[in-house]
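Student: Have a look at this one.
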Amino acid sequence: MTYYVTTILVYFGVDALAIWGLNVQYGLCGLYNFAFILFQSLGAYTAAVLTLGPASGNGGYQHYVLGASLPFPLPLIAAGLAGAGLGIVLGLLTRRVGADLMAVLTFVVSVMAVLVVSAVIPLFNGPAGLSSVPAPLQSTFHISYSSYPWFFVGVVAVVCAIALISVRALTNSPLGRAMRAIRENEKACSALGKNVAGLKLFAFAYGGALIGVSGALLVMFIGAWSPGSWEVIETLSAFAAIIIGGTGNNYGVVAGVFVTQIFLTELTRFLPQFSATNLIGSMQWIVIGVLTLAFMWFRPRGIFPERKRVIELDRLDPSESRSHDLGSSTAGRSQEAQKSQ
Amino acid sequence: MTSRTFANNTSTDSRKAQRRLLVDGVRRTFGGVVAIDSVRFEVNRGEIVGLVGPNGAGKSTLMAMIAGAIPASSGRIVFDGADVTRWPEYKIARHGLVRAHQLSTEFRKLTVMENLLVAAARQRGERFRSAVTPAKLWRAQERALIKEATTVLEQFGLRGKANDYAGTLSGGQKRLLELMRVLMLEPKLVLLDEPMSGVNPGFIATVEERLLDFRARGVDLVIAEHELDVVERLCDRVIVVAQGRVLAQGNMDELRANPAVVEAYLVG
């Protein structure tokens with residue numbers, strides 16, 4: 001039972017973390033990142049090879065690059081950096097295309113990456129994947145096997161708390177506002193003097209870092225990662241979580257994650273066996289698909305829509321003014337204009 | 001009167017000081033098609049210049065090129081003494097040369113107030129580090145911007161709409177929103193592509209008044225417009241473009257007396 005509860009909590013936290021990343025990219029900035037699962041896998045592989053130690057160790061039965069055994073927070077940070085790096089690469093790759101082509105391009109890259117990782121065994125041990133990834137800090141603090149899952153829940157909670165504070169700061173800042181403006185109309189944003197290319201790259205990298213860290217936490221918890229764990233359907237279900245929860249709303253998307261990843265998975269687990277054996281397993285995806293369609297039709301802004309940012313004009317303090325005050329600068333300019341006439 | 005003779009009328013130094021914008025021999029081809037061919041004109045400080053011409057003459061392309069949205073194949077664009085020909089659009093906009101689009105480009109799911117705020121330049125809260133730093137670093141500037149935006153909203157008679165989503169505005173109000181956004185950038189020269197398109201006739205006078213406010217603030221304007229009445233009322237000088245070239249320039253009376261212009265545009 002402990003195992004069941006802690007597993008659900010860890011998955012929930014990890015999925016929330018990843019969905020905040022995707023929400024910055026898609027919900028805030030309108031970037032159709034259909035390589036979501038590639039970011040998570042890259043984070044997972046990065047963290048795995050940096051904790052597993054040299055590839056020759058352990059009898060050398062696994063082949064991988066970069067073998068090292070770094071102390072705990074470092075593999076997590078490396079996974080974040082790898083995610084950010086991938087974000088910049090994909091951002092540059094899709095720099096000149098619109099939303100539709102961006103979706104296609106990122107999707108294709110994601111599919112290609114699975115094939116490459118499966119085929120090139122020295123990279124991350126091919127189709128068999130990496131296993132026996134050590135649990136972080138277990139040996140350092142001599143934590144017993146029975147209490148370790150709760151310890152890990154704590155680690156995930158701390159990472160999630162830090163991420164939420166940062167994501168909230170971004171969403172509420174003028175930077176987040178500029179990203180929403182890009183989502184609404186990229187060209188108008190550029191005409192208003194916003195560095196659209198730079199802002200998009202930043203959103204790609206920032207969201208990518210969060211998704212990368214989520215993959216790292218996941219591989220540290222399960223202890224293994226193989227190409228089979230990152231099918232494209234995961235990307236689609238992440239988008240489903242955002243659409244169902246509420247695009248652009250940091251709390252809404254967590255609700256979406258809860259519905260799609262936790263509630264539906266656990267629900268289908270308890271369904272009685274009926275019809276073909278494979279149908280139950282596929283049930284989660286079928287329901288997610290139907291639910292996403294239903295939301296797009298009937299409630300396109302999700303369970304918790306993006307908050308409208310109302311500013312009470314009557315409560316403004318009249319004594320404050322902008323440093324380069326409009327009143328004085330325009331007066332100066334109109335004098336200049338009169339002189340020239 | 002051709003652009004060449006106009007340019008020779010004044011002495012070089014005083015003209016340079018007066019000059020806001022110089023478009024010098026600008027040319028643009030798409031594939032083999034010459035869209036803009038050796039266009040040369042100037043805009044002086046304190047001027048409102050009209051840009052007229054038949055459909056497909058290249059007015060919108062020309063404006064997009066001046067604003068940096070479409071690169072020029074050859075030629076030179078000088079704004080306030082700086083050669084901006086190769087600058088990206090956002091940098092030109094920050095420098096004070098802003099284009100307002102032909103179609104409304106409001107940020108639909110941002111409020112009217114947010115639409116204005118997002119336009120303001122040099123925002124501390126827009127730096128990348130705002131993703132991790134506390135809000136107090138930009139809050140004071142934000143409050144000042146809100147106050148400034150409120151003043152602009154009052155001037156345009158849209159204060160009551162401040163907290164409505166921009167997507168809910170009428171066509172005319174969206175036009176005003178576009179102008180307000182441009183004002184928040186504190187521009188020096190604004191290129192207006194068909195400011196009256198999508199505005200119902202009863203509202204045109206209101207938009208015209210607001211455009212004259214721009215002049216009162218010392219902002220120069222280049223207006224591409226089909227409604228010649230509007231051009232005649234607003235503009236000090238009019239440039240006629242046809243088939244990607246400057247056909248003539250002068251005031252409306254002079255242009256009406258010019259047989260080439262009449263043939264290319266006013267009648268046909």
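Student: Has segment A:228-237 got at least one residue that is among the small types (Gly, Ala, Ser), in contact (Cβ under 8 Å) with a residue 12 or more places away in the chain, more than 9 Å from chain B (Cβ to nearest Cβ) and over 17 Å from A:Ala18 (Cβ atoms)?
Tutor: Yes, segment A:228-237 contains a residue that is among the small types (Gly, Ala, Ser), in contact (Cβ under 8 Å) with a residue 12 or more places away in the chain, more than 9 Å from chain B (Cβ to nearest Cβ) and over 17 Å from A:Ala18 (Cβ atoms).
Student: Which one is farthest from A:Gly80 (Cα to Cα) among residues in segment A:142-174 that are within 14 Å of chain B (Cβ to nearest Cβ) and in contact with a Gly (Cβ under 6 Å, 6 or more places away or on another chain)?
Tutor: Out of the qualifying residues, it is A:Pro174.
Student: Further question on the same structure: Of a type in the set (Val, Ile, Thr) and buried (at least 22 other Cβ atoms within 10 Å of the Cβ) - does that describe any residue in segment B:162-176?
Tutor: no
Student: Given the residues A:Ala205, A:Ala224, which is the only one that is modelled with pLDDT of 95 or more and either under 13 Å from the mean Cα position of the chain (by Cα) or within 30 Å of A:Ser147 (Cβ to Cβ) (or both)?
Tutor: The match here is A:Ala205.
Student: Give all pairs with beta carbons closer than 6 Å in which a residue from segment B:184-197 that is more than 10 Å from chain A (Cβ to nearest Cβ) meets a residue that is in a helix (DSSP H, G or I) and buried (at least 22 other Cβ atoms within 10 Å of the Cβ); count only pairs at least 6 apart in sequence or on separate chains.
Tutor: Listed pairs, sorted by first residue: B:Val190/B:Val182; B:Asp193/B:Met63.
Student: Quick check on B:Ile223: is it away from chain A (no Cβ under 14 Å), at pLDDT 85 or above, more than 23 Å from B:Val34 (Cβ to Cβ) and in a strand (DSSP E or B)?
Tutor: Yes.
Student: Answer yes or no as to whether B:Leu189 is crowded, with 17+ Cβ neighbours inside 10 Å and farther than 18 Å from A:Ala188 by Cα.
Tutor: Answer is no for this residue.
Student: Right, another one. I need the full set of residues from segment B:182-199 which are over 27 Å from B:Ala57 (Cβ atoms), in contact with a Leu (Cβ under 8 Å, 6 or more places away or on another chain) and outside any loop (DSSP other than H, G, I, E, B), in order please.
Tutor: The answer is B:Met184, and nothing else.
Student: Being out of contact with any Gly (no Cβ under 9 Å at 6 or more places or on another chain) and assigned to a loop (DSSP other than H, G, I, E, B) is the filter here; which residues of segment A:117-141 pass it?
Tutor: A:Asn125, A:Pro136, A:Leu137
Student: Here's a follow-up. Please indicate, with yes or no, whether at least one residue in segment A:231-248 is out of contact with any Cys (no Cβ under 7 Å at 6 or more places or on another chain), assigned to a helix (DSSP H, G or I) and farther than 19 Å from A:Gly289 by Cβ.
Tutor: The answer is no, given that none of the residues of segment A:231-248 is out of contact with any Cys (no Cβ under 7 Å at 6 or more places or on another chain), assigned to a helix (DSSP H, G or I) and farther than 19 Å from A:Gly289 by Cβ.
Student: Related question: Of B:Arg108, B:Arg99, B:Arg28, which residue is over 25 Å from B:Gly172 (Cα atoms) and either within 14 Å of chain A (Cβ to nearest Cβ) or basic (Lys, Arg) (or both)?
Tutor: B:Arg28
Student: May I ask you to list the residues in segment B:21-36 that are more than 13 Å from B:Gly56 (Cβ to Cβ) and either at pLDDT 90 or above or part of a strand (DSSP E or B) (or both)?
Tutor: Listed by number, the residues that qualify are B:Leu21, B:Leu22, B:Val23, B:Asp24, B:Gly25, B:Val26, B:Arg27, B:Arg28, B:Thr29.
Matching residues to (1) at positive phi; (2) in the same structural domain as A:Ser69 (by TED's automatic domain parsing); (3) small (Gly, Ala, Ser):
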site	(1), (2), (3)
A:Pro122	no, yes, no
A:Gly126	yes, yes, yes
A:Leu130	no, yes, no
A:Val133	no, yes, no
A:Pro149	no, yes, no
A:Gly154	no, yes, yes
A:Ser166	no, yes, yes
A:Arg183	no, yes, no
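Student: Collect the residues in segment A:73-101 that are assigned to a loop (DSSP other than H, G, I, E, B), touching a residue at least 12 places away in the same chain (Cβ under 8 Å) and not basic (Lys, Arg), keeping them in residue-number order.
Tutor: A:Thr94, the sole residue that qualifies.
Student: Please pick out the residue among A:Val114, A:Val104 that is in contact with a Pro (Cβ under 6 Å, 6 or more places away or on another chain) and either crowded, with 17+ Cβ neighbours inside 10 Å or assigned to a helix (DSSP H, G or I) (or both).
Tutor: A:Val114
Student: Please give the number of the condition B:Leu145 fails out of (1) modelled with pLDDT of 90 or more; (2) at the interface with chain A (Cβ under 7 Å from one of its Cβ atoms); (3) assigned to a loop (DSSP other than H, G, I, E, B).
Tutor: (3)
The values are calculated or read from the model by the stated rules, or taken from the named source; none is laboratory data. Everything numeric in this text was worked out from a predicted model, so none of it was measured. In this analysis, Cβ positions are derived from the backbone assuming ideal geometry, glycine residues included, and neighbour counts consider all displayed protein chains.
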